[in-house]
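The values are calculated or read from the model by the stated rules, or taken from the named source; none is laboratory data. Quantities reported herein were computed from a predicted structural model and do not represent experimental measurements. All Cβ positions, even for glycine, are placed from backbone atoms using ideal geometry, and neighbour counts span all protein chains on display. These accessible areas exclude ligands, DNA and RNA; they are computed on the full protein's heavy atoms, side chains included. Shrake-Rupley method; radii C 1.70, N 1.55, O 1.52, S 1.80 Å.
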Amino acid sequence: MASEPARKRVAVLISGRGSNMVALIEAAKDPAYPAAIALVVSNVPDAEGLKRASAAGIATAVVDHRAFGRDREAFERALHAKLVEHRIEIVCLAGFMRLLTPFLVREWEGRMLNIHPALLPEFKGLDTHARALAAGAKRHGATVHFVVPEMDSGPILVQGSVPVEPDDTEAALASRVLAVEHRIYPLALKALAEGRVRLSAGQCLIDGVPAEQFWQRQS
Ligand code: GAR
């Protein structure tokens, strides 16, 4: 019998509670899932997500950005060394609240994903839910995209949207979007780990078709 292809070794980078990290860990519990969460790294030593990762039996590491002062690249070199040490093949940013320099972005070009709580290109940056409400958006959501040097701007792998209700609060909208995040991040990582994703002229193709079209066909 032909042996199964090796699962891709994935690191999840977090700064906080790590609920997206947990969604990826849960998905990877399925032996048929093409990626294994091999490492969780946080820049915040007491991030709640680190405890959740340890409880799930996953190796954790802390690279505290404060130890590097203003030298962002030195911080990233230390982080990169950890990823190499653990033979990581794909990096998932999941609530990792550091702006990256071109150093790390280039090292992981085409192999680093981020999840952002908005329908990019709308609402890049912080406080996306409050801004969506203030703008009177009718729909809001989340995006998984490849990381490029410009923040929240890389090729989009998958998006999921929810309606904005007339009496929505920021907390209610955030929790509706978070449920979408937990659904789409495992889907995005699966497609990448299966080798079905290609970047062409700044666009993301899955099985050779534009990502948006691919997901429409799935639904
Ligand atoms: C998530 O909503 C994620 O999309 C967001 O932080 C939250 C982390 O939650 N990321 C960003 O805003 C990045 N710009 P989690 O730690 O429970 O996954």
Problem set entry | helices (runs of 4 or more DSSP H) fully within the range 14-98 counting 1 or more residues that are open to solvent by 50 Å² or more (accessible area, probe 1.4 Å) and of a type in the set (S, T, N, Q) | 48-55
Exercise. Any idea which of VAL197, VAL164 is under 25 Å from VAL12 (Cα atoms), in contact (Cβ under 8 Å) with a residue 24 or more places away in the chain and of a type in the set (Val, Ile, Thr)?
Worked result: VAL197
Seminar exercise, completed: Taking the range 102-113 and keeping residues in contact (Cβ under 8 Å) with a residue 40 or more places away in the chain and open to solvent by less than 20 Å² (accessible area, probe 1.4 Å) leaves VAL105, LEU113
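For the range 146-219, which strands (runs of 3 or more DSSP E) that fit wholly inside it have 1 or more residues that are out of contact with any strand residue (DSSP E or B) (no Cβ under 7 Å at 6 or more places or on another chain)?
Correct list: 197-200.
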Problem set entry | The lone exception for ALA142 - which of (1) part of a strand (DSSP E or B); (2) farther than 23 Å from GLN213 by Cα it fails | (2)
Exercise. Out of (1) touching a residue at least 40 places away in the same chain (Cβ under 8 Å); (2) open to solvent by 10 Å² or more (accessible area, probe 1.4 Å); (3) among the small types (Gly, Ala, Ser), what's the single condition that is false for ALA179?
Worked result: (1)
Exercise. Which condition number in (1) in contact with a Gly (Cβ under 7 Å, 6 or more places away or on another chain); (2) under 21 Å from SER19 (Cβ atoms); (3) open to solvent by less than 80 Å² (accessible area, probe 1.4 Å) is the one that ALA172 fails?
Worked result: (1)
For this session: Examine the range 81-88 for a residue that is within 12 Å of the ligand (Cβ to nearest atom), free of Cβ contacts under 8 Å to residues at least 24 places away in the same chain and more than 12 Å from the chain's Cα centre (by Cα), and state whether such a residue exists.
Result: no
For this session: Considering each residue of the range 99-111, count those that are in a helix (DSSP H, G or I) and under 22 Å from VAL10 (Cβ atoms), and give that number.
Result: 5
Exercise. Is it true that LEU119 is in a strand (DSSP E or B), modelled with pLDDT of 95 or more and either open to solvent by less than 10 Å² (accessible area, probe 1.4 Å) or more than 10 Å from the ligand (Cβ to nearest atom) (or both)?
Worked result: no
For this session: Would you please name the residue that is farthest from the ligand (Cβ to nearest atom), looking only at residues in the range 4-17 that are more than 11 Å from the chain's Cα centre (by Cα) and within 25 Å of ALA174 (Cβ to Cβ)?
Result: SER15
